[in-house]
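The values are calculated or read from the model by the stated rules, or taken from the named source; none is laboratory data. A quick note: this is a predicted structure, and the numbers were derived from the prediction, not measured. Virtual Cβ from ideal backbone geometry, glycine too; neighbours counted across all protein chains shown. Quick note on the areas: whole protein, heavy atoms, side chains included, nothing else; ligands and nucleic acids left out. Shrake-Rupley method; radii C 1.70, N 1.55, O 1.52, S 1.80 Å.
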Protein chains: 2
Amino acid sequence: MGSINEIKASELNTDAFINEKAQEISDAVGDGLAINALSGGVDSSAVTMLGHRALGDRLKTYFIDNGIMREGEPQRIAELFKQLGVHVEILDGRKAFFSALKGLTDPEEKREAITQTFYKDIFGKLVKDSGAKYLLQGTILTDVDETIAGIKRQHNVFEQLGIDPEQAFGYQIIEPLVQLRKDGVRKLAEALGLPEEIYNRPPFPGPALAARVIGAVTEDKISVVRTATSIVEEELSSLGAFQYMAILHEDRVTGMRDGKRDFGSQIELRCWDSIDAREAKPTQVPYEILYKLANRIVDTVPGVVSVTYNVTCKPPSCMEAI
Amino acid sequence: MGSINEIKASELNTDAFINEKAQEISDAVGDGLAINALSGGVDSSAVTMLGHRALGDRLKTYFIDNGIMREGEPQRIAELFKQLGVHVEILDGRKAFFSALKGLTDPEEKREAITQTFYKDIFGKLVKDSGAKYLLQGTILTDVDETIAGIKRQHNVFEQLGIDPEQAFGYQIIEPLVQLRKDGVRKLAEALGLPEEIYNRPPFPGPALAARVIGAVTEDKISVVRTATSIVEEELSSLGAFQYMAILHEDRVTGMRDGKRDFGSQIELRCWDSIDAREAKPTQVPYEILYKLANRIVDTVPGVVSVTYNVTCKPPSCMEAI
């Protein structure tokens, strides 16, 4: 692939784009089989719809339950796509992911462990078993930019890093969204008939809740950050922010509970205003909402005594913590 | 000492209180010598003035430079008291403190190391050399409450913990402010002729900037948190908050600098509205000030890529992080 021609959201003709990409997918796959992984985010949801337009039942869509997703996510997303006529198969990969993550604290090593488990252990095996030679994937231009710049290794960018997925994993990757940024994908997802809860959904990182745990990832910590995430999504969804999240820190701070010292954990909240994720500013969340959020979290989430709100702009901050 | 009779700020007759306490100090010390350590906070400043009223030159006041103070603090405070007619001797204790703190990460162990270095190594020696048998100290009622409750071990509360300072350190402790809370001490400090920058000064913890570093304390980390503290005090002093601070975390987060990934540190800001430190609420700092503060910190403070603002009420949070 040479340099990528960006298509700005304002210039995106969704009908023409859908027809063109469906044709390209159809031409590439021929009468073979393709496979894709749906996470429920807007990118992979748009790719799933686009792929099913192009290939119908010859696209096999899997939802990999890696154990580091939001509460009830696999079942909810499968049900939603069922109503759109798309069958999604849920695969339980929890053991493989937690065992790969065990003891890792470096963010890049954690991302790498998730990538390897996803593509090699789980997806590689799936593709071999299915006979599919093609993997459809929701890489967008911002992922490519950030990987090339060395800011963050996205889980789905291989070519730019000089990795041949066919050689490494046994299949070819098709990335129909790679000319778009997030705002373009949202417009496309709406045109593809996805409901607003998907096309306006805040981005969720590739490494999912594992990206929201500082230090080593365990099932307990994922459970803590999952509960905090539910609360944050409930309290902040009405603000129309680009993305919002809860991050569990490893550092501990002093709190007090029932009049006694309680040395506990801290949850960091982030909520971003952004158009396309390249630059972002912390949303001016009303203080009454922040107080309420903090109270709910310290009351509900085991071991948490303190809640902060990130007030740094991107750059130099990133949207995710790791 | 039995139970302590609290004197509320609203009930405090400062003239009567000053006369009564000066008399008590004078009676206790007789024609001997007393000694006290001035940190520049409102409590130790009020005690210094009260002690000099009672004892004149027979109170020796020292400022221990422990290396974990604000920028330029020792010289500034000595100069301020000079103008009030009180001679303050600065003692360089930096080596002793950093060597005692080396490698300690547990908050209680850090506090204990600072206490031991202060009272035993530095003050114990000073008292012996001076022949003084009495130490004047600015313990207030909130310190006693929190120590008894086991929330936080204050550096200056011995009797409540069953420690006899005469036996342990070779001197007796006089605590003239122990019936007051912070608001009462401020009223007293004003009545004692201290300038507003002292009587309205935000509280500063006993372990100073070492309480603002999560994990092991080093000179480099103290320098980082000292620079951040200067910026925070500049930007927040006009808000009239009870206390405000910068805390350096040990956890690292991903940022970007010059288009490249920068895995760096996070500074947590806290700014409290409170009457007497028993309960506190995060000040509703205008977002434009928070953005400006975050920008100044990530631009100026080496290695810092991210800034958060604490939004948890006390309780269950504490005002300080460790």
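Quick notes
- Filter pass, A:THR48 being open to solvent by less than 30 Å² (accessible area, probe 1.4 Å), assigned to a helix (DSSP H, G or I) and closer than 27 Å to A:ILE275 by Cβ: yes
- Residue in the stretch A:291-309 that is nearest to A:GLU250 (Cα to Cα), counting only those that are more than 7 Å from chain B (Cβ to nearest Cβ), modelled with pLDDT of 95 or more and touching a strand residue (DSSP E or B) at 6+ places or on another chain (Cβ under 6 Å): A:VAL304
- Filtering the stretch B:283-290 for residues that are more than 7 Å from every other protein chain (Cβ to nearest Cβ), in a strand (DSSP E or B) and either of a type outside the set (Lys, Arg) or open to solvent by less than 10 Å² (accessible area, probe 1.4 Å) (or both) leaves an empty set.
- A:ASP15 under 23 Å from A:LYS133 (Cβ atoms) and among the charged types (D, E, K, R): no
- Scanning the stretch B:24-34 for residues that are among the β-branched types (Val, Ile, Thr) and within 9 Å of B:LYS133 (Cβ to Cβ) turns up just one, B:VAL29.
- Selection from the stretch A:267-282 of residues that are more than 8 Å from chain B (Cβ to nearest Cβ) and either in contact with a helix residue (DSSP H, G or I) (Cβ under 6 Å, 6 or more places away or on another chain) or of a type outside the set (Lys, Arg) (or both): A:ILE267, A:CYS271, A:TRP272, A:ASP273, A:SER274, A:ILE275, A:ASP276, A:ALA277, A:GLU279, A:ALA280
- Flag if B:ARG252 is touching a Gly at 6+ places or on another chain (Cβ under 8 Å) and either assigned to a strand (DSSP E or B) or more than 8 Å from chain A (Cβ to nearest Cβ) (or both): yes
- Reported count of residues in the stretch B:91-140, each being within 26 Å of A:GLY264 (Cβ to Cβ), of a type in the set (Ser, Thr, Tyr) and either open to solvent by less than 30 Å² (accessible area, probe 1.4 Å) or assigned to a helix (DSSP H, G or I) (or both), is 1.
- Residues located in the stretch B:216-249, provided they are more than 14 Å from every other protein chain (Cβ to nearest Cβ), of a type in the set (Asp, Glu) and within 21 Å of B:ALA280 (Cβ to Cβ): B:GLU233
- From the options A:ASP27, A:ASP43, residue that is part of a helix (DSSP H, G or I) and open to solvent by 100 Å² or more (accessible area, probe 1.4 Å): A:ASP27
- Matching residues in the stretch A:310-322 - criterion: being within 7 Å of another protein chain (Cβ to nearest Cβ) and out of contact with any helix residue (DSSP H, G or I) (no Cβ under 6 Å at 6 or more places or on another chain): A:ASN310, A:CYS313, A:PRO315, A:SER317, A:CYS318, A:ALA321
- Pairing each residue of the stretch A:280-294 that is farther than 19 Å from A:MET319 by Cα with any residue that is open to solvent by less than 60 Å² (accessible area, probe 1.4 Å) and assigned to a strand (DSSP E or B), provided the two are 6+ apart or on different chains, yields C-beta distances under 6 Å for A:ALA294/A:VAL307.
- Candidates A:GLN172, A:GLN266, filtered to the one that is farther than 27 Å from A:VAL29 by Cβ and touching a residue at least 24 places away in the same chain (Cβ under 8 Å): A:GLN266
- Within the stretch B:62-90, tally of residues that are in a strand (DSSP E or B) and open to solvent by 30 Å² or more (accessible area, probe 1.4 Å): 3
- The single residue among A:VAL42, A:VAL29 that is among the β-branched types (Val, Ile, Thr) and closer than 24 Å to A:ALA228 by Cα turns out to be A:VAL42.
- B:GLY259 being within 13 Å of chain A (Cβ to nearest Cβ) and touching a Gly at 6+ places or on another chain (Cβ under 6 Å): no
- Only listed residue being within 19 Å of B:GLU320 (Cβ to Cβ) and within 25 Å of the chain's Cα centre (by Cα), chosen from A:SER237, A:SER265, A:SER317: A:SER265
- Close pairs (8 angstrom Cβ cut-off, 6 or more residues apart or separate chains): without any contact (Cβ under 8 Å) to a residue 60 or more places away in the chain in the stretch A:9-35, open to solvent by 40 Å² or more (accessible area, probe 1.4 Å) and part of a helix (DSSP H, G or I) anywhere: A:ALA22/A:ARG53; A:ASP31/A:ARG58
- If you check A:GLY103, A:GLY85, A:GLY93 for being more than 14 Å from chain B (Cβ to nearest Cβ) and in contact (Cβ under 8 Å) with a residue 60 or more places away in the chain, only one passes: A:GLY103.
Rundown of residues vs (1) open to solvent by less than 10 Å² (accessible area, probe 1.4 Å); (2) more than 22 Å from B:THR312 (Cβ to Cβ), yes/no style:
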site: A:GLU197; (1), (2): no, yes
site: A:LEU209; (1), (2): yes, no
site: A:THR218; (1), (2): no, yes
site: A:ARG226; (1), (2): no, no
site: A:SER230; (1), (2): no, no
site: A:ALA241; (1), (2): no, no
site: A:PHE263; (1), (2): no, no
site: A:LEU269; (1), (2): yes, no
